[in-house]
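Chemist: Dropping a structure here in structure tokens format, bear with me for questions.
Every number in this text was worked out from the coordinates using simple rules, so none of it is lab data. None of the values given here were measured: they were computed from a predicted structure. Using ideal geometry, Cβ is built from the backbone for each residue, glycine included, and neighbour counts are taken over all protein chains shown.
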């Protein structure tokens, strides 16, 4: 069975986003993905945090569903991510 090897990243950079934008409970995380042949691309994850009451306490949860009031913030964070990804790297 053939398997593709992922490039070995330094331990401190594994599973860490390259950039994160936040506004209130909305978070936009930019990830850098690399292939074994050296090419790379970015992916973006947008989520909202909320506190959920559970029995004897409450805990923080995340969702990718947004209310009407969240949509402008989501669009602005997506725009920031777009400009971060497309700006020339020095």
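Chemist: With the contact rule set at Cα under 8 Å and sequence spacing of 6 or more, what percent relative contact order holds for segment 25-66? Provide the component values of the computation, followed by the final result.
Modeler: On the way: 61 pairs, mean separation 13.9, N = 42.
The value is 33 percent.
Chemist: Quickly work out the residue 36-to-residue 20 label distance, labels modelled 7 Å from Cα along the C-beta direction, and quote it in nm with one decimal.
Modeler: 3.1 nm
Chemist: Along its three principal axes, how long is segment 12-85 when you only count alpha carbons? Whole Å, largest extent first please.
Modeler: 49, 29, 17
Chemist: For segment 12-85, what's the relative contact order in percent, using C-alpha pairs closer than 8 Å and at least 6 residues apart?
Modeler: Value for segment 12-85: 27 percent.
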